[in-house]
Amino acid sequence: MITPSKHSSKREAEVAPAASAEALERLGQELGVAAEVAEQLNAILDAGLLLNEVARLLPARFGLQQAQVYLVDGTKQELILQASSGPVGQHPSRGDHAVHPGTQQASMVACAARDRRSILAIHTSAELRSALAVPMLAGGQVLGVLYMQDHRPWRFDYDQHIFSMLAGQVALMLQNARLREVDRLKSEFLVNMSRELRAPLFSICGYAEAMLMGFDGQLEPEALKDVQGIYESSKNLLCPISQIDDVLDLAKIEAGRLALSCEEGSSAFTVRLPIERPEVEKAPASSNGQSSH
């Protein structure tokens, strides 16, 4: 058995701390890059633009060869490629590639989504040496998978948890973008419903009011009662529609889609409210004309 010499052991002991210090320095740099990338992505409100920027920023900021973003399609129970970046010709087009996580096929993307954990692989190919698949988890639900490739076999040895953390942040951003889209669709539905209901109700109120005013002749008492009921019911229906408009205006103000302009106005319409002053109870007067204390 060959035992290492004292000089070789000493040399290895000196190299190990140097390698650890280099790894820690690199890890700190990548943590800073991850924070900058997360801050840049957080400003994007559209889901499609968010995914495209994720696929672009990962290779650009972390020095990777390629990055892909897969999203879970709940209807087909498969992962669909949504965004990809890297050398031209080395990745499929958006939506052309699908992965089925429920099968037993040897796919990193499928295993990462099925097992809810990061999958690291080292390849023997000269062009591709290492790959990492990270699930995008939000609220215990798998929204998709980040898949990254690089030509260096040691590329993902120390920073897998950084990409896992970044994938979780991207999942939350994607979830928020989807919620904003749902809120936008809800607001559009309410606007359309308000518009479609307001026009006929105004017409009904107008015709009923004209009939009540006798523009088309005097009505019989029974007919007058019926038209009065139609007019009052239409007016009652217009009130909640006006409230819907007020709610929509407030939502637009909160979302920054409604600009408010402040201008100087006349004081002729200033509302003056009376100020109620509390009544001071007077002390009873004494017999000598002075108040008692």
May I ask you to list pairs of residues, at least six apart or on different chains, whose Cβ atoms are under 9 Å apart, with the first in region 150-168 being within 19 Å of residue 20 (Cβ to Cβ) and not assigned by TED's automatic domain parsing to the domain that holds residue 30 and the second being modelled with pLDDT of 90 or more and among the hydrophobic types (A, V, I, L, M, F, W, C)? none
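The rows are residues; the columns are (1) surrounded by fewer than 20 Cβ atoms within 10 Å (Cβ to Cβ); (2) under 24 Å from residue 37 (Cβ atoms); (3) not basic (Lys, Arg).
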| position | (1), (2), (3) |
| --- | --- |
| 160 | yes, yes, yes |
| 163 | no, yes, yes |
| 171 | no, yes, yes |
| 184 | yes, no, no |
| 188 | yes, no, yes |
| 194 | yes, no, yes |
| 204 | yes, no, yes |
| 209 | yes, no, yes |
| 216 | yes, no, yes |
Hey, does region 83-96 have a residue that's at pLDDT 80 or above, in the same structural domain as residue 57 (by TED's automatic domain parsing), within 26 Å of residue 28 (Cβ to Cβ) and surrounded by 13 or more Cβ atoms within 10 Å (Cβ to Cβ)? yes
Please enumerate the residues belonging to region 169-212 that are touching a residue at least 40 places away in the same chain (Cβ under 8 Å), over 30 Å from residue 68 (Cα atoms) and not aliphatic (A, V, I, L, M). 187, 194, 198
If you check 125, 187, which single one turns out to be outside the structural domain of residue 29 (by TED's automatic domain parsing) and either hydroxyl-bearing (Ser, Thr, Tyr) or at pLDDT 85 or above (or both)? 187
When residues of region 198-223 are filtered for being touching a helix residue (DSSP H, G or I) at 6+ places or on another chain (Cβ under 7 Å) and assigned to a helix (DSSP H, G or I), how many remain? 8
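The values are calculated or read from the model by the stated rules, or taken from the named source; none is laboratory data. Every value quoted in this text rests on a predicted model; they were computed, and no experiment measured them. Don't worry about glycine lacking a Cβ; one is built from the backbone with ideal geometry, like all the others, and counts go over all protein chains shown.
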